[in-house]
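The values are calculated or read from the model by the stated rules, or taken from the named source; none is laboratory data. Computed from a predicted model, the values in this text were never measured in an experiment. Here the Cβ is made from the backbone with ideal geometry for all residues, glycine too, and neighbour counts use every protein chain on show.
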């Protein structure tokens with residue numbers, strides 16, 4: 001994936017800002033990468049290079065750490081992140097069926113982002129809400145007891161929200 | 001430095017103030033709402049908002065507090081109301097409408113809404129309490145005692161109920177005495193392995209090298225386990241107090257809490273708790289005016305299951321990939337940055353303040369001689385009363401599942417209980433009399449693990465559950481040991497083949513042989529225990545494997561490739577279109593007799609039609625093997 005010139009500048013500046021004031025002890029490597037991801041939503045190659053230079057280690061080591069841990073993303077996430085819990089309880093209560101329902105509705109596979117970058121679909125390890133199984137986490141919100149029809153309902157409510165938002169924005173623009 | 005100030009004097013002042021502030025809460029009616037992650041998933045935050053709106057609308061004065069989780073997850077969201085004239089009442093399954101109604105009726109008309117009440121929290125003459133139910137009789141809450149009853153965001157609630165008094169005690173005692181007490185209590189590490197905690201502390205204390213580090217392992221990665229999360233979200237200070245005591249005992253001034261990134265609320269709560277403890281002088285430099293200093297930092301994991309293994313956890317904290325290393329040297333001798341390090345689980349630390357306050361003999365009086373104390377289990381799966389329970393060690397599985405947990409949900413038949421997550425095993429009905437403790441469970445082919453317990457019923461396929469766990473460990477293998485990296489992959493391929501109906505007669509022997517090799521050839525416990533789910537299901541449920549391999553049939557009707565959906569023509573109501581509307585792929589049509597039929601070519605087996613079909617008809621069924629459908633259609637003359 002290629003970054004635009006503007007995206008590159010933002011990525012480099014954000015990373016430098018995070019690195020400023022941080023000691024170059026390697027123990028801070030993972031916390032720094034977490035902060036970069038929190039700000040940017042993913043860790044682009046330019047950010048890895050900046051981080052590597054700061055800690056005085058080869059960039060490939062940073063890449064190695066990032067690809068080892070499940071949490072780090074190498075590509076930008078969708079505006080809404082849908083995470084399907086794959087814990088035991090969710091699995092036994094049909095998480096696979098839920099996963100297929102999302103894949104069918106969003107027309108993407110797990111690990112992908114929709115073309116308009118509105119939704120990305122992921123599987124996550126147990127989120128610890130086993131009693132509400134099956135569980136789907138949308139952005140930070142935990143949704144329990146999901147069924148395929150509830151997937152349709154959730155998507156519909158997002159579409160409605162989006163329409164309302166667009167209408168509100170349209171109103172603002174007209175006002176100007 | 002005010003070294004002449006007695007810590008007890010400083011603490012007494014803190015406590016007096018805390019009690020005063022807490023008591024102010026009770027001057028008005030007090031409404032507590034369980035808002036840990038599980039409660040939030042059930043809509044607790046909306047409930048809080050609705051209750052505040054309702055109070056506002058009615059111009060009523062009351063305090064609304066968000067608390068942690070009481071462990072009764074099946075009844076979330078839970079609300080507790082303290083109001084004068086009645087014992088405090090707990091209400092379950094409170095949605096916004098019910099919540100507003102209870103508040104309205106109770107606070108304006110004095111009607112406590114018994115029809116919505118779960119239990120009363122204090123003994124009284126007219127409503128049952130927890131101890132009137134089997135669960136309350138079996139439970140003995142030590143660590144979970146305060147969970148759901150105090151505000152985790154307010155340190156004064158913890159102090160007001162006697163929190164941090166154990167710390168005061170040990171500040172005046174000799175560190176050696178603390179270790180002796182922990183050793184005498186027989187406390188075993190609750191992370192799963194059951195290593196004596198006191199011994200670990202002593203090794204670290206006696207090890208050369210400084211500084212010494214203390215790490216709390218809160219990387220609760222086992223799917224199906226959420227005990228640590230609940231403690232972190234509900235009583236974070238009990239962990240901090242336990243860690244500070246441990247720091248004093250082993251001579252460490254620096255502690256870390258390694259916490260999973262998947263627990264954002266727990267991270268928030270514990271970070272806030274550390275901040276508040278510092279402000280009160282219970283953490284940081286010169287704790288309570290003594291010359292003992294102890295600091296705690298939060299380190300967030302990055303989503304790697306193997307980091308629950310202590311050497312991998314250390315590698316991750318040192319900024320490397322979480323790959324385990326050889327033991328010895330054990331972390332107690334050479335851990336973080338090569339310095340002596342004590343690594344304990346959240347629960348292990350949380351027991352410590354209680355042991356210090358009540359003494360080693362008290363702790364030993366609970367449970368059995370070799371396994372003293374309580375066991376904390378997360379009950380999930382097909383059980384009636386899901387949630388978090390704390391029972392004395394030696395309680396049997398039978399008591400835990402059928403009395404504490406209320407048996408199997410929906411009147412189904414019990415099949416197995418999976419204990420210990422991906423490292424544990426499935427225990428069949430014949431093993432239900434096994435007492436719960438570290439040694440008995442290991443003997444029975446499962447393991448205590450960190451305490452996740454998933455109950456399975458007749459609808460759960462044992463081959464599929466074995467495949468699920470192996471899929472998990474195979475993905476989470478760090479790749480260091482060949483047997484773990486390739487052996488688990490090979491085993492997974494075989495299991496996938498079996499669940500797709502392509503199994504071969506020799507597959508079971510091959511699985512057993514591979515399992516033995518993977519166990520022998522792996523360095524850490526991830527690989528050593530990865531074959532357990534497969535071995536235990538083969539041992540107890542061999543007939544299910546045989547049905548998959550020899551007949552292409554899934555007896556539990558779960559494996560997708562081996563089932564088909566079918567509408568029973570004599571049960572279909574004909575004029576009802578519920579299934580047609582629910583089908584996401586338009587696979588259901590009406591035939592000439594207006595009976596609904598599923599086009600097997602189009603069907604994606606999403607289960608929607610089975611859910612949609614009204615229960616009074618229950619016309620949609622699953623058949624296995626899929627060839628059954630054609631046979632039935634012919635027999636019943638469906639066109």
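Summary table below
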| item | result |
| --- | --- |
| From B:221, B:191, B:255, B:198, residue being buried (at least 18 other Cβ atoms within 10 Å of the Cβ) and assigned to a helix (DSSP H, G or I) | B:198 |
| Any hit, region A:120-142, residues being modelled with pLDDT of 85 or more and away from chain B (no Cβ under 14 Å) | yes |
| Criterion: surrounded by fewer than 19 Cβ atoms within 10 Å (Cβ to Cβ) and either in contact with a strand residue (DSSP E or B) (Cβ under 8 Å, 6 or more places away or on another chain) or in the same structural domain as residue A:46 (by TED's automatic domain parsing) (or both) - qualifying residue of A:169, A:145, A:109, A:163 | A:109 |
| Selected residue [more than 14 Å from chain A (Cβ to nearest Cβ) and either under 30 Å from residue B:379 (Cα atoms) or touching a strand residue (DSSP E or B) at 6+ places or on another chain (Cβ under 8 Å) (or both)] from B:223, B:196 | B:196 |
| Residues within region B:280-308 that are more than 14 Å from every other protein chain (Cβ to nearest Cβ) and in contact with a helix residue (DSSP H, G or I) (Cβ under 8 Å, 6 or more places away or on another chain), tallied | 13 |
| Subset of region B:343-366 [within 20 Å of residue B:441 (Cα to Cα) and surrounded by 23 or more Cβ atoms within 10 Å (Cβ to Cβ)] | B:345, B:347, B:348 |
| Subset of region A:21-32 [more than 8 Å from chain B (Cβ to nearest Cβ) and either crowded, with 17+ Cβ neighbours inside 10 Å or in a helix (DSSP H, G or I) (or both)] | A:32 |
| Checking residue B:406 against (1) away from every other protein chain (no Cβ under 14 Å); (2) assigned to a loop (DSSP other than H, G, I, E, B), the condition it does not meet | (1) |
| Residue match in region B:259-267 (condition: free of Cβ contacts under 8 Å to residues at least 12 places away in the same chain and under 28 Å from the mean Cα position of the chain (by Cα)) | yes |
| Filter result for the condition that a residue is at pLDDT 90 or above and out of contact with any helix residue (DSSP H, G or I) (no Cβ under 9 Å at 6 or more places or on another chain), over A:67, A:4 | A:67 |
| Whichever residue in region B:312-342 is surrounded by fewer than 18 Cβ atoms within 10 Å (Cβ to Cβ) and assigned to a helix (DSSP H, G or I) and, among such residues, is nearest to the other protein chains (Cβ to nearest Cβ) | B:337 |
| Single match in B:183, B:169 (criterion: surrounded by fewer than 21 Cβ atoms within 10 Å (Cβ to Cβ), over 23 Å from residue B:67 (Cα atoms) and modelled with pLDDT of 95 or more) | B:183 |
| Matching residues in region B:119-147 - criterion: being in contact (Cβ under 8 Å) with a residue 40 or more places away in the chain and in contact with a helix residue (DSSP H, G or I) (Cβ under 6 Å, 6 or more places away or on another chain) | B:134, B:135, B:138, B:142, B:143, B:147 |
| Test: residue in region B:530-543 that is part of a loop (DSSP other than H, G, I, E, B), under 33 Å from the mean Cα position of the chain (by Cα) and under 30 Å from residue A:152 (Cβ atoms) | no |
| Pair list, Cβ < 9 Å and 6+ apart or interchain, from region A:70-92 residues that are facing another protein chain (nearest Cβ under 8 Å) and more than 21 Å from residue B:472 (Cβ to Cβ) to residues that are modelled with pLDDT of 90 or more and surrounded by fewer than 24 Cβ atoms within 10 Å (Cβ to Cβ) | none |
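This table checks each residue for (1) surrounded by fewer than 21 Cβ atoms within 10 Å (Cβ to Cβ); (2) free of Cβ contacts under 8 Å to residues at least 24 places away in the same chain; (3) away from chain A (no Cβ under 14 Å).
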{"residue": "B:12", "(1), (2), (3)": "yes, yes, yes"}
{"residue": "B:27", "(1), (2), (3)": "yes, yes, yes"}
{"residue": "B:37", "(1), (2), (3)": "no, no, no"}
{"residue": "B:40", "(1), (2), (3)": "no, no, no"}
{"residue": "B:60", "(1), (2), (3)": "yes, no, yes"}
{"residue": "B:68", "(1), (2), (3)": "no, no, no"}
{"residue": "B:72", "(1), (2), (3)": "no, no, no"}
{"residue": "B:90", "(1), (2), (3)": "no, no, yes"}
{"residue": "B:94", "(1), (2), (3)": "no, no, yes"}
